[in-house]
1. So, of the residues in region 97-156 that are modelled with pLDDT of 90 or more and touching a Pro at 6+ places or on another chain (Cβ under 7 Å), which turns out to be surrounded by the most Cβ atoms within 10 Å (Cβ to Cβ)?
2. Please verify whether P68 is at negative phi, open to solvent by 20 Å² or more (accessible area, probe 1.4 Å) and touching a residue at least 60 places away in the same chain (Cβ under 8 Å), treating the condition exactly as stated.
3. Tell me which residues, restricted to region 30-53, are open to solvent by 50 Å² or more (accessible area, probe 1.4 Å) and either assigned to a strand (DSSP E or B) or touching a His at 6+ places or on another chain (Cβ under 8 Å) (or both).
4. Return yes when E78 is modelled with pLDDT under 95, assigned to a helix (DSSP H, G or I) and acidic (D, E) and no when it is not.
5. Within region 42-59, identify whether any single residue is touching a Lys or Arg at 6+ places or on another chain (Cβ under 8 Å), without any contact (Cβ under 8 Å) to a residue 24 or more places away in the chain and within 23 Å of L105 (Cβ to Cβ), and answer yes or no.
6. Quick check on region 1-11: of everything there that is part of a loop (DSSP other than H, G, I, E, B) and among the hydrophobic types (A, V, I, L, M, F, W, C), which residue is surrounded by the fewest Cβ atoms within 10 Å (Cβ to Cβ)?
7. Can you confirm whether E172 is in contact with a strand residue (DSSP E or B) (Cβ under 8 Å, 6 or more places away or on another chain) and open to solvent by 40 Å² or more (accessible area, probe 1.4 Å)?
8. With respect to the numbered conditions (1) under 12 Å from the mean Cα position of the chain (by Cα); (2) outside any helix (DSSP H, G or I); (3) without any contact (Cβ under 8 Å) to a residue 60 or more places away in the chain, which one is the sole condition not fulfilled by E108?
Amino acid sequence: MYNREPIVLNRDCEAVLVPMADKVIIPKDTEVVIAQDLGGSYTVYVSGNLARIEGKDADALGLEPVAPPELPENASEEDLEKLAWEQMKTCFDPEIPINIVDLGLVYECSISSLPEGQKEVDIKMTLTAPGCGMGEVLVQDVKEKVEAIPAIGVANVELVFDPPWNYSMMSEAAKIQTGMY
């Protein structure tokens with residue numbers, strides 16, 4: 001977390017308003033305050049609203065973007081799956097400072113081979129509430145972060161609501177962090 005000092009954007013920057021997920025452009029020279037900086041994206045306070053800025057736009061905040069994931073040259077499928085889960089652990093709901101894996105939102109991650117030698121990843125995930133406005137933003141975040149893995153050709157992310165999410169699906173660490181233990 002940051003010390004909540006205002007930062008002046010050094011260029012126009014795309015963002016998504018939280019929780020409605022409306023896309024906006026925050027103009028250059030606008031003051032923002034970072035509320036959350038987890039997983040390579042930034043939730044900022046701007047003009048009385050919360051907005052999420054993608055990691056690729058870290059430079060607008062005067063910050064360095066997160067380095068892409070690396071996969072050893074002779075990685076096994078098990079190594080690839082482990083890295084996919086690690087990448088999903090860098091995905092955070094902009095309002096909850098816990099990754100989606102520990103929140104229990106990812107139900108399945110399976111890997112298969114594509115004809116051209118790359119791998120395809122199929123992911124099933126849910127949301128803490130079916131009406132969450134940030135759902136498509138989280139789905140896109142998972143897709144982009146898993147597809148950033150060198151051997152992955154495509155990541156398919158399906159949003160499902162059966163079974164419905166409940167707090168018992170959270171990891172022990174997430175339950176402790178939220179006080180739901």
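1. Checked region 97-156; the qualifying residue surrounded by the most Cβ atoms within 10 Å (Cβ to Cβ) is I149.
2. On the way: at negative phi: yes; open to solvent by 20 Å² or more (accessible area, probe 1.4 Å): yes; touching a residue at least 60 places away in the same chain (Cβ under 8 Å): yes.
In short, yes.
3. Pass one, region 30-53, residues open to solvent by 50 Å² or more (accessible area, probe 1.4 Å): 31, 45, 47-49.
Listed by number, the residues that qualify are E31, Y45, N49.
4. Working: modelled with pLDDT under 95: yes; assigned to a helix (DSSP H, G or I): yes; acidic (D, E): yes.
So E78 fits the description; yes.
5. Yes, there is a match, as at least one residue in region 42-59 is touching a Lys or Arg at 6+ places or on another chain (Cβ under 8 Å), without any contact (Cβ under 8 Å) to a residue 24 or more places away in the chain and within 23 Å of L105 (Cβ to Cβ).
6. From region 1-11, those part of a loop (DSSP other than H, G, I, E, B) are 1-6, 9-11; that's our starting set.
Checking which are among the hydrophobic types (A, V, I, L, M, F, W, C) leaves us with 1, 9.
On the way: M1: 9, L9: 22.
Taking the candidates together, the pick is M1.
7. Numbers: in contact with a strand residue (DSSP E or B) (Cβ under 8 Å, 6 or more places away or on another chain): no; open to solvent by 40 Å² or more (accessible area, probe 1.4 Å): yes.
For E172, the condition - in contact with a strand residue (DSSP E or B) (Cβ under 8 Å, 6 or more places away or on another chain) and open to solvent by 40 Å² or more (accessible area, probe 1.4 Å) - is not met.
8. Result: E108 fails condition (1) only.
The values are calculated or read from the model by the stated rules, or taken from the named source; none is laboratory data. Bear in mind that the values here come from a model prediction, so they are computed numbers and not experimental data. Heads up, the Cβs are rebuilt from the backbone with ideal geometry, glycines too, and the neighbour counts pull from every protein chain shown. The accessibility values were calculated without ligands, DNA or RNA, using every heavy atom of the protein model including side chains. Shrake-Rupley method; radii C 1.70, N 1.55, O 1.52, S 1.80 Å.
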